[in-house]
Amino acid sequence: MSSKEKPTLGGQRIKTRKRNIAAPLDPAAFADAVVQIYLDNAGDLELIAKCIESSDLNFSRYGDTFFEVVFTGGRTQPGTTKPDEGERHTYSILDCEAKREVILPSVIYIQKILRRRPFLIKNLENVMRRFLQSLEFFEDNERIKLAIFTALAFSQKLSGLPPETVFQPLLKDNLVGKGLVLTFITDFFKEYLIDNPLDDLISILKRGKMEDNLLEFFPSGKRSAEAFSEHFTKAGMGALVEYNDKKIFEVKVKEMKTALTTQISEEVDISEVIETVKQHVKDAKLPEIEVVRILWDVLMDAVQWSGKNQQQNANLALRQVKTWAKLLNTFCTSGKLELELLYKVQVQCYEDTKLMKLFPEIVRSLYDQDVLAEDTILHWFRKGTNPKGRQSFVKALEPFVKWLEEAEEEE
C-alpha cells in the first residue's frame, strides 16, 4: 500500500447517523398565506373555514400567528399588539363593528377550526392572554370588541376556554389602576348576561377563582362595597349587586361566628364576648334578627355532645343556656326577637334528633334566665307559624304553658 492510499477495513460498511433537519421558521410566510385565504374568499368565514381545513399549512407550529391574523388582520410584532410587516386583511375581529351579531360569526368560525384542530386552543389562550395584558395599547372601540368576543366565547362554550385565561391576565396593577380592567369586565358582564343567567356568570367567576375577589377589578382607591354597588347599579346589573351584597354578608357572618366560637371555647368573660358581638354588628350592619340566629347557632355548636346519652345531652344544653343567658338577653331586646329565638330553638330541636325531646326543657330554662318572656311563649303556643315539629312541641309544652296561665290568673 502506497503512502498516498487511505487505509480501509475490508468488508465493513461505515454507517452515518441521520440528522433531523428542522425547517426554517417562517411565521411571516404562514401569516401571508392565511391572509390570502381571507382575501380570496372576501371575508366569507364559511368558505375561509373550508379552505383552512383543506390546507396543508403548519398550524401546529404557527398557531399563535394564525390567531393574530384572525383578531387583527395580520401578524403582530413579537410580544406586542403592534402590526408587523406583511399582508393584512380587513375582515378581522378588531376591524368589524362592535356589535354582538357581527362578532358572533367569528366565534362560531373559531369553534369550527378548534373542532378540527383542538390543539389550537392553547394558541388561542396565548393570544388572548397577550392581548388582555396589553389592553392599554388598544383603542376604546377595540377593547369593547374584545369584551364582546370574550363574552360570546364563554356563551358559546368555545372549546373549553379556561376562565383563568381571561381573568388572571387582567389583574396587572397598571391596567387596574387606569380603570381599563373595570371597563372591560363591565362590558364583558353586560354582554354575557344578555343570553345567560347570573348563575352561569357566577360559575365562570368561580372557575376563574374570582368569585370572592370581584373588587380586585376596581382601582385600589375604589375597592369598597359602596363603590361596587354604585358602579354596577349604574351599569344596569342590579342582580350582580344583590349577589355581591349577599356574599359580603355571608363572609361577615362567618367572621362573626368564628370569633365567637373561639371566645366561647376559651371561656372568655361574657362582657368581652358581648363587646365582640356589638363590634361585629356595627361593622357588618347585621340585622338584629340575624344576630339572634347567629348567637344560638354558635352556642349550640360549641357544646360537646355525648352521643346517645339523652340525660347528659339535656344537662349540657341547659348548662350552656344558663352560662350564656346574659349574652342572649343582651340582644333579645324585644318580643319580636324573643319569638325569633324561640323559632330557632324549635327548628333546631326538630332537625337534630338528640335535641328533639329537650324542647320544653330548653324553653323553660330560657324563661327561668329571663331570656324569654311569658307573653312570647304564650304567643308561640297559641299562634306560632313555623310548622316544623309544631304539633309535638305544642303538646310537650302544654304542662309548662298551663302552669304559666295559672300563675297569670293568680296574679
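The values are calculated or read from the model by the stated rules, or taken from the named source; none is laboratory data. All values derive from a computational prediction rather than experimental measurement. Counting neighbours? That spans all protein chains shown, and the Cβs are built from the backbone with ideal geometry, glycine included. Note: accessible area is taken over every heavy atom of the protein model, side chains too, but ligands, DNA and RNA are not part of it. Shrake-Rupley method; radii C 1.70, N 1.55, O 1.52, S 1.80 Å.
Flag: Lys172 does not match the condition of being modelled with pLDDT of 95 or more, of a type outside the set (A, V, I, L, M) and under 30 Å from Tyr109 (Cβ atoms).
The condition (being open to solvent by 60 Å² or more (accessible area, probe 1.4 Å) and not polar (S, T, N, Q)) is satisfied by just one residue among Ile194, Ile202: Ile194.
Scan segment 69-101 for residues that are assigned to a helix (DSSP H, G or I) and open to solvent by 30 Å² or more (accessible area, probe 1.4 Å) and report the count. Residues meeting the conditions: 2.
Criterion first (farther than 26 Å from Cys96 by Cβ, touching a His at 6+ places or on another chain (Cβ under 9 Å) and surrounded by 18 or more Cβ atoms within 10 Å (Cβ to Cβ)) does Phe232 satisfy it? In short, no.
Residues that are open to solvent by less than 50 Å² (accessible area, probe 1.4 Å) and over 30 Å from Arg390 (Cα atoms): which helices (runs of 4 or more DSSP H) entirely in segment 259-349 hold 2 or more of them? Steps first, answer last, please.
Values: elements: 270-284, 288-301, 310-323, 325-331.
By residue number, 270-284.
Just one of (1) touching a Phe, Trp or Tyr at 6+ places or on another chain (Cβ under 9 Å); (2) open to solvent by 20 Å² or more (accessible area, probe 1.4 Å); (3) in a loop (DSSP other than H, G, I, E, B) fails for Ala227. It is (3). Does segment 390-397 contain at least one residue that is of a type in the set (Phe, Trp, Tyr), in a helix (DSSP H, G or I) and more than 43 Å from the chain's Cα centre (by Cα)? The answer is no; no qualifying residue exists.
Within segment 402-409, not a single residue is surrounded by 14 or more Cβ atoms within 10 Å (Cβ to Cβ), modelled with pLDDT of 90 or more and not in a loop (DSSP other than H, G, I, E, B). Only one of Leu158, Leu104 is touching a residue at least 40 places away in the same chain (Cβ under 8 Å) and part of a helix (DSSP H, G or I); which? None of the other options fit; the residue is Leu104. Annotation: of all residues in segment 122-142 being open to solvent by less than 30 Å² (accessible area, probe 1.4 Å) and part of a helix (DSSP H, G or I), the one that is farthest from Val70 (Cα to Cα) is Leu135. For segment 28-56, the tally of residues that are more than 40 Å from the chain's Cα centre (by Cα) and closer than 19 Å to Pro118 by Cβ stands at 3.
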